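Contents: one structure, followed by commentary.
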Amino acid sequence: MKRWYCEGAKLIRQMKETRLPDGMLAIWFLAQAGIVVKSGEALVGIDLYLENREGRAVPPPFAPEEAAGLFDVLLCTHNHLDHLDPVTVSGIAAAENAQAAEAGEKSVRKTRFVVPAPWTGFTEELGVEKAQIIGAHAGQEITLTDAEQGTDLAGIRILPVRAAHEDFVQDENGDYECLGYVVRFPGGSLYHAGDTVEWETMAEELAPLGIDIACLPINGSDWKRKKADIIGNLNAREACDLSQEIGADLLIPMHYDVFAHNGENPAYLADLMWRNCPGAKYHFFAPGERYLYMK
């Protein structure tokens with residue numbers, strides 16, 4: 001059975017060679033919560049899970065080492081293996097370090113990693129150089145700067161926002177261990193919720209941020225999963241309602257396809273959107289599919 005619309009070297013080549021007019025974004029879905037966005041020449045990955053782990057219903061599209069030098073930045077929302085994946089992070093870092101050693105004096109493009117501030121040390125332990133790691137603090141915007149040009153990288157700004165998975169967890173410094181990210185591109189703003197349940201003021205906090213694209217988990221939570229120590233997320237109804245309450249132009253559901261014991265049928269979301277939000281935009285991706293977005 002074919003699992004990927006586009007994968008391997010073909011998918012990587014497509015990401016590299018996609019050319020976009022001003023004001024347009026290209027988006028790829030890489031299963032689970034993995035989202036890739038291209039704006040101009042900049043390529044941003046979020047929560048990529050590339051470990052070929054036993055039990056995956058959808059295999060990874062390519063190996064971590066194949067992504068060496070591919071991304072300008074990778075965002076990780078929290079320290080769970082399908083979000084801040086040790087195999088993905090260490091694999092990319094090791095491959096890039098090997099390329100740098102082979103190139104000698106020549107400059108080698110290395111990925112920057114944005115992770116919640118409590119997990120910067122963990123990320124460094126995976127082999128990522130300290131200079132490549134950016135610790136994210138909720139409410140503190142991050143501007144990506146090209147080291148050579150000294151300018152904003154394609155005008156991209158990242159606003160970390162708190163996430164409740166299933167509760168808010170903060171370290172001794174008051175930094176949240178689980179985050180979402182509002183990534184502001186010249187062509188629109190994308191909110192990746194990471195793993196989160198809904199809290200009382202969630203829509204109120206997100207609505208003023210001008211979110212165009214909302215990437216929300218839909219696998220939900222129930223007592224069977226809690227008994228198996230599986231932490232819950234938004235369900236399809238909550239994702240449907242939240243996307244409308246925050247004024248999102250497009251809803252992208254995620255976190256429903258890789259693990260059979262913690263998935264969901266996205267058709268439930270389609271039914272809710274059709275009945276409750278007629279005319280609202282949403283999109284289910286075939287894994288590896290490219291979607292072009294313009295406001």
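The values are calculated or read from the model by the stated rules, or taken from the named source; none is laboratory data. Small disclaimer: the values here were computed from a predicted structure and weren't measured. Cβ coordinates were reconstructed from backbone atoms using ideal geometry, including for glycine residues, and neighbour counts include every protein chain displayed.
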Within 21 Å of Glu129 (Cβ to Cβ) and hydroxyl-bearing (Ser, Thr, Tyr), is that true of Ser90?
yes
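Residues in segment 260-279 that are surrounded by fewer than 16 Cβ atoms within 10 Å (Cβ to Cβ) and outside any loop (DSSP other than H, G, I, E, B): how many?
The initial filter retains those residues of segment 260-279 that are surrounded by fewer than 16 Cβ atoms within 10 Å (Cβ to Cβ), namely 260-261, 265, 267, 270-271, 274-279.
Imposing the further condition that a residue be outside any loop (DSSP other than H, G, I, E, B) reduces the set to 260-261, 267, 270-271, 274-276.
Residues in segment 260-279 being surrounded by fewer than 16 Cβ atoms within 10 Å (Cβ to Cβ) and outside any loop (DSSP other than H, G, I, E, B): 8 in total.
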In segment 156-165, which residue that is without any contact (Cβ under 8 Å) to a residue 60 or more places away in the chain and in contact with a Gly (Cβ under 8 Å, 6 or more places away or on another chain) is farthest from Met24 (Cα to Cα)?
Arg162
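Would you mind stating whether Asp82 is buried (at least 17 other Cβ atoms within 10 Å of the Cβ) and modelled with pLDDT under 95? Let's see the steps before the verdict.
Numbers: buried (at least 17 other Cβ atoms within 10 Å of the Cβ): yes; modelled with pLDDT under 95: yes.
For Asp82, the condition - buried (at least 17 other Cβ atoms within 10 Å of the Cβ) and modelled with pLDDT under 95 - is met.
Out of the strands (runs of 3 or more DSSP E) lying entirely within segment 173-259, which hold 2 or more residues that are in contact with a helix residue (DSSP H, G or I) (Cβ under 8 Å, 6 or more places away or on another chain) and hydrophobic (A, V, I, L, M, F, W, C)? Lay out the reasoning, then the answer.
Working: elements: 179-185, 188-192, 213-217, 250-254.
Of the strands (runs of 3 or more DSSP E) lying wholly inside segment 173-259, those with at least 2 residues that are in contact with a helix residue (DSSP H, G or I) (Cβ under 8 Å, 6 or more places away or on another chain) and hydrophobic (A, V, I, L, M, F, W, C) span 213-217.
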Please work out which one of (1) of a type outside the set (Gly, Ala, Ser); (2) modelled with pLDDT under 95; (3) within 24 Å of Glu7 (Cα to Cα) is the condition Glu65 fails and give its number.
(2)
Might you let me know whether segment 174-182 holds any residue that is surrounded by fewer than 20 Cβ atoms within 10 Å (Cβ to Cβ) and at pLDDT 95 or above?
yes
Which numbered condition trips up Met24, out of (1) surrounded by 18 or more Cβ atoms within 10 Å (Cβ to Cβ); (2) in contact (Cβ under 8 Å) with a residue 40 or more places away in the chain; (3) under 24 Å from Pro266 (Cβ atoms)?
(3)
So Arg19 fits all but one of (1) surrounded by fewer than 19 Cβ atoms within 10 Å (Cβ to Cβ); (2) farther than 27 Å from Leu292 by Cα; (3) modelled with pLDDT of 95 or more; (4) not aromatic (Phe, Trp, Tyr); what number is the exception?
(2)
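Give me a count of the residues in segment 1-47 that are in a loop (DSSP other than H, G, I, E, B) and over 16 Å from the mean Cα position of the chain (by Cα). Give the steps one after another, and end with the answer.
Our first condition is that a residue be in a loop (DSSP other than H, G, I, E, B); within segment 1-47, this holds for 1-7, 18-23, 30-34, 40-41, 47.
Subsequent filtering for residues that are over 16 Å from the mean Cα position of the chain (by Cα) retains 1-7, 18-23, 40-41.
Result for segment 1-47: 15.
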